[in-house]
């Protein structure tokens, strides 16, 4: 069971959210349940018996025997909106865009989450939904090399044929029958802007040349996953170009110490956080008017006259008070 999950405001206000709302309260509640239920995972591909849905959302148990009633009816309605798919033979559901919102649109090849995702979805390799998930996310999450080539090939070919004995021959919106009673959802992909090479479906044996990553200058400890975020030389150069008069490395070290003391930033928000930090530091430079945040020991700006420190003299005669000496002067 997950400790937490994300439900964005777009669930209620986005295009898909408004389409789901138009299906009725029961379908909208089912969609929210698929995102937040105890069985759900970050990948959106997990085991979910319809009997459990009936019990928790108070559907009639008798509707389980009816292919166009109860939870299966609402699941089919959600599938027509591209929200999810359901394999009724194996009681497996896939919320199509859930991994995108729970994990992210893209992972680095060395991210620990890559192996975690591969391990999690490997339980469903015999389900037709496995191929749908693989098609949708194998490039975004670098899953090509995570499964044995021969085994993955056989499993995907077997899954693409569909279940041999479906429990429900539910019709899709086009009049055709599918083994799971669920129409296939479109496959989307959001590649990063720096991608140049197209990777084949089973190119795990061939090495794809990748651009070398820029060396890390500072490493920030973050909340959530991943636990760290690297400020690279390329990013420093980018910030230096945006704030040419600012000591980027020096300010970044100040920001690093702040995050250590407060432990309040996630890796996803670090870029925005540093941009705001450097922007405020740059505004202070402008307010000083001399292009430097350095100040002298008495708190003055460099272009201001230095204050003369006050000095005190010791009385020449220890038997005479300072007040009497001042009167004699």
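The values are calculated or read from the model by the stated rules, or taken from the named source; none is laboratory data. Small disclaimer: the values here were computed from a predicted structure and weren't measured. Using ideal geometry, Cβ is built from the backbone for each residue, glycine included, and neighbour counts are taken over all protein chains shown.
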* Does residue 46 qualify as being in contact with a strand residue (DSSP E or B) (Cβ under 7 Å, 6 or more places away or on another chain) and under 26 Å from residue 125 (Cβ atoms)? -> yes
Listed by first then second residue, the pairs whose first member lies in segment 33-52 and is crowded, with 19+ Cβ neighbours inside 10 Å, whose partner is assigned to a loop (DSSP other than H, G, I, E, B) and at pLDDT 95 or above, with beta carbons under 6 Å and at least 6 positions apart or on separate chains, are none
Q: Please tell me if residue 225 is outside any strand (DSSP E or B), within 26 Å of residue 2 (Cβ to Cβ) and touching a residue at least 60 places away in the same chain (Cβ under 8 Å).
A: yes
Filtering segment 271-284 down to residues that are over 22 Å from the mean Cα position of the chain (by Cα) and exposed (fewer than 12 other Cβ atoms within 10 Å of the Cβ) yields 280, 283, 284
Checking 268, 253 in turn, the sole residue that is surrounded by fewer than 16 Cβ atoms within 10 Å (Cβ to Cβ), out of contact with any helix residue (DSSP H, G or I) (no Cβ under 9 Å at 6 or more places or on another chain) and in contact (Cβ under 8 Å) with a residue 60 or more places away in the chain turns out to be 268
Exactly one of 60, 89 is over 22 Å from residue 138 (Cβ atoms) and in contact with a helix residue (DSSP H, G or I) (Cβ under 7 Å, 6 or more places away or on another chain), and that one is 60
Do we find a residue being in contact with a strand residue (DSSP E or B) (Cβ under 7 Å, 6 or more places away or on another chain), at pLDDT 80 or above and under 22 Å from residue 107 (Cα atoms) anywhere in segment 241-264?
-> no
